[in-house]
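Colleague: Can you read through this structure? Questions will come right after.
Just so it is clear, none of the values below were taken in a lab; they were calculated from the coordinates. In this text, all values refer to a predicted model and were calculated from it rather than measured experimentally. Counting neighbours? That spans all protein chains shown, and the Cβs are built from the backbone with ideal geometry, glycine included.
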Amino acid sequence: MYGQAIDGAPQAGQVSKGLGIDLRSDTVTRPTPGMLAAMSIASTGDDVFADDPSVNQLQDRLADELGFEAGLFMPTGTMSNLCALMAHCERGDEYLVGQLAHTYKYEGGGAAVLGSIQPQPLEQEADGSIAIERIAAAIKADDPHFARTRLLALENTFGGQVMPQDYIHKASAFAREKGLGVHLDGARLYNAAVAQGLQAREIARHFDTVSVCLSKGLGAPAGSVLMGSSKLLAKAHRVRKMLGGGMRQAGVLAAAGSYALDHHVAGLADDHRRADAIAQALRAIPGLEVKVATNMVWVYPGSDAHVLDRLVAFLSAHGVVLLNRRPLRLVTHLDLSEEQCVVVCGLIETFGASSSSMAT
Ligand SMILES: *Cc1c(COP(=O)(O)O)cnc(C)c1O
């Protein structure tokens, strides 16, 4: 079972920042000179009056690219998901969601707290999917005892893993047949698309709403876009304002997002290749269990639990910034160059050589 991890939460034992190699998350990327240049020349307006041209351009372009009527620029993925949930569900409604999914587990309980939406968390398979039978069994009858089941929310990628297309097709067809809406937390939708050699719209077309983060692997400093029908997005727009997410000259940020979509999608394949290389180096060390999916490497304590602790201490001492959690998650991204990846793999090999000589 793959773990999940929160991006950005402070953590005891986390080593200090400031060194070149940071594998905590793909959120740590800083805007490139080209991106900063695009931001500095962005035309702006007041997006609360819907007249920021850079925001409108990003929203229209992404909605078009993913096959939706409308898009809405959001400060964060968390707000984007919450606006979607609140667009689909009214007070006293319920959404079905994986019990390890970000919208359920890592967003502060926002759906319940702010939306009065009851989450119905469901056990997930190792790949992040929820068995159709489990979804079927969780849909409540129309009965005043029950919350009204309105929505199925999926996540792709999940812990870096790509959700199989045939599963998405089946789950969304089933949910729609039962009258439910279908939302995708596609924070890393483009990682899923690039990993499968698909256009992102081939994944997105199975959903009524899709949220995409620009601030993860795509490298923008902030911003997500929620897409859906004009009707759902009109509701989401109202919720966004209510949550305090109506930004003014947001075109500066939207320009970074547009730049990321123009320049950083293809490079996700490099992130995936580098994650594979790091996983391969780690697999040479006995006493660890290693899994890799898109841009995430997960390392579990194997036969010897101390090996992983010593590895983390070794990498940290050599300037690699890690989140000291178990399982250990290493994330590749735009700010990890090929040379730095080689350095990381070299450090892992050095550690492996020293720990095998210790064993003998
Ligand atoms: C990061 C993330 C989000 C939320 O994005 P923020 O911009 O950090 O609020 C939502 N879902 C998933 C799967 C994520 O990884």
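Colleague: Which order, highest average first, do 204-212, 257-265 follow once you tally other Cβ atoms within 10 Å for each residue and take the mean per peptide?
Modeller: By packing density, highest mean first, the sequence is 204-212, 257-265.
Colleague: Using amide H atoms built 1.01 Å from N in the peptide plane, name the residues 5+ places from Asp46, or on other chains, whose amide H lies under 5 Å from its own.
Modeller: Sorted by chain and number, the residues that satisfy this are Asp51, Asp52.
Colleague: About the Cα centre of the chain, what is the dipole size in debye to 20, counting +1 per Lys and Arg Cβ and -1 per Asp and Glu Cβ, all else neutral?
Modeller: 540
Colleague: Who wins for biggest fluctuation among Thr44, Thr27, Thr332 in a Gaussian network model of the chain, springs between alpha carbons below 10 Å?
Modeller: Residue with maximal mean-square fluctuation among Thr44, Thr27, Thr332: Thr44.
Colleague: Charges at C-beta only: +1 for Lys and Arg, -1 for Asp and Glu. How large is the resulting dipole of the range 30-83 about its Cα centre, in Debye rounded to 20?
Modeller: Once rounded to the nearest 20, the dipole reads 340 debye.
Colleague: So what are the ³J(HN,Hα) numbers for the range 228-234, from phi and the Karplus equation (6.51, -1.76, 1.60; θ = phi - 60°), rounded to whole Hz, Gly and Pro as x?
Modeller: For the range 228-234, the Karplus curve yields x, 6, 4, 5, 5, 6, 5 Hz.
Colleague: In addition: Once phi is turned into θ = phi - 60°, what whole-Hz ³J(HN,Hα) does the Karplus curve with 6.51, -1.76 and 1.60 give for every residue of the range 84-96, x standing for Gly and Pro?
Modeller: 5, 4, 6, 6, 7, 10, 9, 3, x, 7, 9, 10, 8
Colleague: Among DSSP bridges having both ends in the chain, what percentage is antiparallel? Round to the nearest 5.
Modeller: Bridges in the chain are about 50 percent antiparallel.
Colleague: Between Arg148 and Val113, what is the label-point separation in nm under the 7 Å Cα-to-beta-carbon projection?
Modeller: 2.6
Colleague: May I ask which residue of His272, Ser80, Ser230 lies farthest towards the positive end of the charge dipole of the chain, with charges of +1 (Lys, Arg) and -1 (Asp, Glu) on Cβ and the Cα centre as origin?
Modeller: Ranked along the dipole, the leading option is Ser80.
Colleague: Which angle between 0 and 90 degrees, to the nearest 10, do you get for helix 53-66 versus the longest principal axis of the chain when only C-alpha atoms count?
Modeller: 80
Colleague: Charges at C-beta only: +1 for Lys and Arg, -1 for Asp and Glu. How large is the resulting dipole of the range 14-109 about its Cα centre, in Debye rounded to 20?
Modeller: 640
Colleague: Between Phe314, Gly67, Thr103, whose Cα lies farthest towards the positive end of the dipole of the chain when Lys and Arg beta carbons carry +1 and Asp and Glu beta carbons carry -1, centred on the Cα centre?
Modeller: My answer, from the dipole projection, is Thr103.
Colleague: In straight Cα distance, which lysines are under 19 Å from Lys241, not counting same-chain residues fewer than 8 positions off?
Modeller: Lys231
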